[in-house]
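Here's the structure, in structure tokens; my notes come after.
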Amino acid sequence: MGLRERKKEETRLALSWAAIKLTVERGFDNVKVEDIAAEAGVSPRTFNNYFSSKGEAIAARHFDRAVRIAEELRSRPDGEPLWEAITNAVFARFALGMDTERPADERWIAGVKLMSRHPEHRGEFLKAHAAAQDALAEAIAERTGTDAERDLYPHLVAGAVGAAVLAAMHLWLNGDAPAPFPELLRDALDQVAAGLPTP
């Protein structure tokens, strides 16, 4: 990636993170595009060059993470079993390099819960999730010698990975989670890899 592309990617990531941070802190309806742009240190026009709405900016992080997981999966050793490679790829890229994230205190989690329930965010998140699964299916197809245009297998595996991520997120945000999120996510992926045996 050249310097210009890297700077564009950094700006896109900064805008997405600013949208998440401000929305969690203030509530979805109390954040304007101008606020997000100011938080990221750019103009509202720059925001509009990257995203069409707050919801899209927030959901972009989910898609970007999936693209990085797919890239990481492509780089895993050829002899590594598929589900081991997927799990390693997920954990290598899930943080998305955002060192400025806040710790998951109760107030932050409460804000994320509210954000995740907002209709605009939910719609954009579902669009991003579908695109993310397609990106992961392409990488899985390459690794397994299948065809993402013709074969079910890469889409089934990508769908299972996506379901595991969403299930871990849901329990962590909305349930009485028995463990921190990384442990829930690893458990979810392990259960899927094992064929979801009856508990």
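The values are calculated or read from the model by the stated rules, or taken from the named source; none is laboratory data. This one's a predicted model, so the numbers in the text were calculated from it and none came from an experiment. We place every Cβ from the backbone using ideal geometry, glycine too, and count neighbours over all the protein chains shown. Keep in mind that these areas ignore ligands, DNA and RNA; they rest on the heavy atoms of the full protein, side chains included. Shrake-Rupley method; radii C 1.70, N 1.55, O 1.52, S 1.80 Å.
Residues that are surrounded by 19 or more Cβ atoms within 10 Å (Cβ to Cβ), closer than 18 Å to VAL112 by Cα and modelled with pLDDT of 90 or more within the stretch 22-46 comprise LEU22, THR23, VAL31, ILE36, listed in sequence order.
Taken over the stretch 145-163, the residue count meeting the criterion of being over 22 Å from the mean Cα position of the chain (by Cα) and within 12 Å of HIS129 (Cα to Cα) is 0.
So for the stretch 11-21 (the condition being surrounded by fewer than 16 Cβ atoms within 10 Å (Cβ to Cβ) and either part of a helix (DSSP H, G or I) or touching a residue at least 40 places away in the same chain (Cβ under 8 Å) (or both)), does at least one residue qualify?
We begin by selecting, within the stretch 11-21, every residue surrounded by fewer than 16 Cβ atoms within 10 Å (Cβ to Cβ); these are none.
No.
Scanning the stretch 146-179 for residues that are in a loop (DSSP other than H, G, I, E, B) and open to solvent by 70 Å² or more (accessible area, probe 1.4 Å) returns GLU149, ARG150, LEU152, ASP176, PRO178.
For the stretch 47-75, a residue qualifies if it is without any contact (Cβ under 8 Å) to a residue 40 or more places away in the chain and either open to solvent by less than 30 Å² (accessible area, probe 1.4 Å) or not in a helix (DSSP H, G or I) (or both), and the qualifying residues are PHE47, PHE51, SER52, GLU72. In the set LEU136, LEU114, LEU126, LEU82, only one residue is open to solvent by 50 Å² or more (accessible area, probe 1.4 Å) and either at pLDDT 80 or above or hydroxyl-bearing (Ser, Thr, Tyr) (or both); that residue is LEU126. Within the stretch 57-67, none of the residues are at pLDDT 90 or above, under 26 Å from ALA160 (Cβ atoms), charged (D, E, K, R) and out of contact with any strand residue (DSSP E or B) (no Cβ under 8 Å at 6 or more places or on another chain).
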